[in-house]
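Enquirer: Handing you this structure, nothing more for now.
The values are calculated or read from the model by the stated rules, or taken from the named source; none is laboratory data. Because the structure is predicted, anything quoted here is derived from the model rather than measured. Here the Cβ positions follow ideal geometry from the backbone for every residue, glycine too, while neighbour counts run over all protein chains shown. All accessible areas refer to the heavy atoms of the entire protein, side chains included, with ligands and DNA or RNA removed. Shrake-Rupley method; radii C 1.70, N 1.55, O 1.52, S 1.80 Å.
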Amino acid sequence: MHSNPKKICPQIIYYLNPHPHPQHIRDKASRYLYMNHAMAKLLNVPTGVPVEGQGLSEIKPDISELFEGIKKQEERVIQKETAVSLLITGHFGKKPSSTLHC
C-alpha cells in the first residue's frame, strides 16, 4: 500500500487494494488519502513513496498538468456540494495500446 489511510474505512481499503484498476481517494484540497497499487503503477510512483496528504504536483510534478482539467471539475463539484461519479477514458499509461478492451 502507498499510504497510511487513517480516515478511511478499512473495508474500503480492503476492497480497493487488490483492485486491478487504478483507484484513489482524495480530500477536498485534492490531497491523496489513498492510492491503490494499480494507480501508483499508472502514475509511476515508486514503492514506499508516501502519498497521504500530498497533492499530485508534490508526488509527480512531471505529469500533474495532465490532471488540471479534472482538478477544476472537482473544485466545481465541491463548491456546489453535489455528488459526482467520474469515469476517465483515455489513451495514457506506460504501454501503448492499439485496441481498447472492455
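Enquirer: Scan region 7-18 for residues that are outside any loop (DSSP other than H, G, I, E, B), more than 12 Å from the chain's Cα centre (by Cα) and not polar (S, T, N, Q) and report the count.
Expert: Counting residues in region 7-18 that are outside any loop (DSSP other than H, G, I, E, B), more than 12 Å from the chain's Cα centre (by Cα) and not polar (S, T, N, Q) gives 5.
Enquirer: Name the single residue, out of those in region 52-67 being assigned to a helix (DSSP H, G or I) and more than 13 Å from the chain's Cα centre (by Cα), that is nearest to residue 7 (Cα to Cα).
Expert: So the residue we want is 58.
Enquirer: Among the residues of region 19-51 satisfying the criterion of being hydrophobic (A, V, I, L, M, F, W, C) and in a helix (DSSP H, G or I), which is most open to solvent (accessible area, probe 1.4 Å)?
Expert: 42
Enquirer: Within region 52-71, how many residues are of a type in the set (S, T, N, Q), touching a helix residue (DSSP H, G or I) at 6+ places or on another chain (Cβ under 9 Å) and open to solvent by 60 Å² or more (accessible area, probe 1.4 Å)?
Expert: 1
Enquirer: Identify the single condition in (1) aliphatic (A, V, I, L, M); (2) at pLDDT below 85; (3) open to solvent by 60 Å² or more (accessible area, probe 1.4 Å) that residue 77 does not satisfy, given that it satisfies every other one.
Expert: Exception for residue 77: condition (3).
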